[in-house]
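To start, the structure under review is shown below, and the notes come after it.
The values are calculated or read from the model by the stated rules, or taken from the named source; none is laboratory data. Just so you know, these numbers come straight off a predicted model, no measurement behind them. All Cβ positions, even for glycine, are placed from backbone atoms using ideal geometry, and neighbour counts span all protein chains on display.
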Amino acid sequence: MYKKIYKAIKKYNTIVIARHIGVDPDAMASQLGLKEAIELSFPKKQVFAVGTGGARFAYLGSLDKLEDIDYSKALLIVVDTPDKRRVDSPEVDQFAYKIKIDHHPFVEKFCDLEWIDDRNSSASQMVLELLYKSKLKRNRSVIEKLFIGLASDTNRFLFNSDAVTFSLLSKIMKEYSLDITKLYQNLYMRPLHEVRLQGYIGQNMKVTEHGVGYVELTSDILNKFDADVGSAGNMVNNFNYIDEVFVWVMISEDKKNDIIKINIRSRGPVVNKVAEAYHGGGHKFASGARVTSLEEAKLLVNDLDRECQKYIQNKEVDENENQ
């Protein structure tokens with residue numbers, strides 16, 4: 001697979017790298033890290049990293065505006081995105097050749113070459129593997145970006161980290177002596193207004209009968225705390241350890257795009273199938289969705305509550321059988 005991806009990159013002079021709508025650190029880090037590695041390896045190629053960015057992730061680098069390119073002669077690489085409708089890029093079907101690099105469960109095939117590994121921690125780890133197992137070049141800047149993406153998607157290696165993950169970490173630490181403290185400052189530093197919003201979330205989170213914790217963040221509330229939708233959604237990872245909650249949900253109103261963005265995390269119940277029914281998807285325990293109203297968002301919460309009920313019942317059965 002690594003050789004096939006490298007050969008395709010080598011073949012095309014114009015390359016566009018895209019990722020999913022609703023940018024997060026892993027998506028943007030894998031995208032920009034891969035772009036920089038390709039530019040190091042092939043300085044004469046035109047390489048564009050595209051999509052809607054976010055001020056929160058400016059420390060990773062800037063995105064490109066597509067120039068007047070001929071898609072029929074260009075390569076598209078899509079990272080961290082399982083389905084075509086979530087790709088934040090124009091004209092997906094018009095590219096000469098398309099590659100997918102993704103760690104989500106399979107949803108649909110829309111690229112010519114698809115490298116899917118849903119046991120992998122992150123898209124950033126997959127790009128790291130590609131760099132170490134192909135002739136693509138790397139430098140400190142590339143590695144720092146990919147470390148940030150990997151650390152973010154694993155929540156500092158609490159989730160989905162295995163021997164391969166730590167083997168790669170050992171390699172990059174030996175090779176580049178990364179200043180992890182500095183990198184974590186970029187990733188986790190928060191302005192005061194976001195800390196106050198986090199306090200509001202803790203105070204106003206509602207919990208369903210079977211353990212779904214959720215909070216509705218209307219545009220008025222976000223404006224009150226001077227926060228944007230992306231910042232609010234990323235706070236979903238700050239509520240992992242509530243004893244009474246199995247699934248926690250951020251429901252954020254995005255008036256600019258006239259949608260409701262939903263971020264979902266779980267410590268047991270499988271949530272991605274529920275998210276898929278609401279124009280979303282993702283991992284078994286970390287997913288997102290998009291709906292058009294708060295009423296539809298509450299229907300999603302009800303469906304998640306039923307998943308929690310099933311999880312509790314199955315857990316009780318297992319415990320009784322093991323007694």
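Here are a few things to note about the model shown:
- Lone qualifier among GLU175, GLU216 - being more than 21 Å from GLY54 (Cβ to Cβ) and assigned by TED's automatic domain parsing to the domain that holds LEU294: GLU216
- Every residue from segment 274-299 that is over 18 Å from SER219 (Cβ atoms), over 15 Å from the mean Cα position of the chain (by Cα) and not charged (D, E, K, R): VAL274, ALA277, TYR278, HIS279, LEU299
- Of all the numbered requirements in (1) in a loop (DSSP other than H, G, I, E, B); (2) without any contact (Cβ under 8 Å) to a residue 24 or more places away in the chain, ARG156 misses one, and that requirement is (2).
- Among the residues of segment 261-271, the one identified as more than 18 Å from the chain's Cα centre (by Cα) and surrounded by 21 or more Cβ atoms within 10 Å (Cβ to Cβ) is PRO269.
- Top-ranked residue of segment 49-75 - restricted to ones that are buried (at least 19 other Cβ atoms within 10 Å of the Cβ) and over 19 Å from the mean Cα position of the chain (by Cα), ranked as nearest to ILE99 (Cα to Cα): LEU75
- ALA27 meets each of the listed conditions (1) touching a residue at least 40 places away in the same chain (Cβ under 8 Å); (2) assigned to a loop (DSSP other than H, G, I, E, B); (3) within 14 Å of the chain's Cα centre (by Cα) apart from (2).
- Qualifying residue in segment 204-219 (condition: loosely packed, with under 15 Cβ neighbours inside 10 Å and either farther than 29 Å from TYR311 by Cβ or in contact with a Leu (Cβ under 6 Å, 6 or more places away or on another chain) (or both)): yes
- Counted residues, segment 38-89 - those being among the small types (Gly, Ala, Ser), touching a Lys or Arg at 6+ places or on another chain (Cβ under 6 Å) and over 18 Å from ILE21 (Cβ atoms): 1
- From LEU192, LEU130, residue being at pLDDT below 95 and more than 27 Å from LYS273 (Cβ to Cβ): LEU192
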